[in-house]
Amino acid sequence: MIARKELLFQIALHLLVFLFYSYDRYHPGVDFHEVVFFLTYVLAAAVINYYLMPKFLYQKKYWAFFGSVLLVIATLILLEELVLEQILFPGTRRASRFPGVFYSLAEVVPVMAILSGFKFGWDALQKQRQIDELETTVKESELQFLRSQINPHFLFNNLNNLYSYALENSPKTPEIILEMSGVLRYMLYECKEDYVPLKKEVEQLGNFIKLSKLQIEERGNVRFTSDKIKSDYKIAPLILIVFIENAFKHSQSGQSSDIEIEVGLRQDKNKLELSCRNNYKPADGMDSVAKGIGLQNVKKRLQLLYPGKHKLVITEKDNQFVVILTMELEKA
């Protein structure tokens, strides 16, 4: 069944083509035979557009399609030569068959090409729209999946630490639970939108660093600075936190002292730069810190959310892991 928009488009197209077909500066007006001939073209075009195209062309049966189109055109010309012209122009030169074939061919082919060509173009646009919608749906589903991995990743890392503090009856256990609940509340309830205010994200970033810093205690130093952060910009949530979580996780792996973690945020107009540096001590059986699940996740999210608008440089040398991320943000 033809959709409403397509029906209106086809009606407008047929009226426009008919005006050009019937226009004659030396003979204004519309003749009856022009209406009859054009109606046969419309019928033939409908056969091509709504039967032959779906049945053959879109099924990649090209020879069958072009053969069927030639058959339709030949049938249309024979109808004009043997029936319509004999009825409408009896006893005139136009009713003679051989010269009339070329005359009919010159009329039929351009009109059919326009009517069928626009139908093919319409179908191509609709197909592209469906592809775009499908790509958007897949992109949204992939982003939701990637974001859903963050909460379990965060919980797994922090619950292990909380368990060890609880076993030791550490007085910091209640404070850790309180800080962790605040960060989780933000992750679960305030990050449902595609983008959040930059100020809010930076604030929660500070809370997360405070929570993670409790686990280091006197074993090292943690520095966090944020410079000229503006409130009128937005950012995709839970992107920056992955790099910082990675820094804390791998600084503590195999390293009981001299932990050094430095995080800096700097904004210049719409460009935000995150720098994150941490030291680590290699441990047997530990994969490169640049190959963690969290980092692969955030790289994919950056590709989906900021294509061509971010630059991520990760270096790992001399037991130092450095991340420099530059992003182009949009105003809220």
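Any read-out appearing in this document is the output of simple, stated calculations on the displayed coordinates, not a laboratory observation. Quick caveat: nothing in here was measured; it's all calculated off a predicted structure. All Cβ positions, glycine included, derive from the backbone under ideal geometry; neighbour counts span all protein chains shown.
Projected onto the charge dipole of region 170-331 (+1 at Lys/Arg Cβ, -1 at Asp/Glu Cβ, origin at the Cα centre), which of 267, 171, 188 gives the Cα projection farthest towards the positive end?
267
To make sure I understand, if each residue's beta carbon is the centre and we count other beta carbons within 10 Å, what order do 40, 225 fall in, fewest to most?
Details: 40 16, 225 10.
So the residues, fewest neighbours to most, are 225, 40.
Apply the a/c threshold of 1.5 to the C-alpha gyration tensor of region 170-331 and tell me whether it is rounded, prolate or oblate. Provide the component values of the computation, followed by the final result.
Working: a/c = 1.76, a/b = 1.26, b/c = 1.40.
Judged from the Cα gyration tensor, region 170-331 comes out oblate (a/c at least 1.5, b/c at or above a/b).
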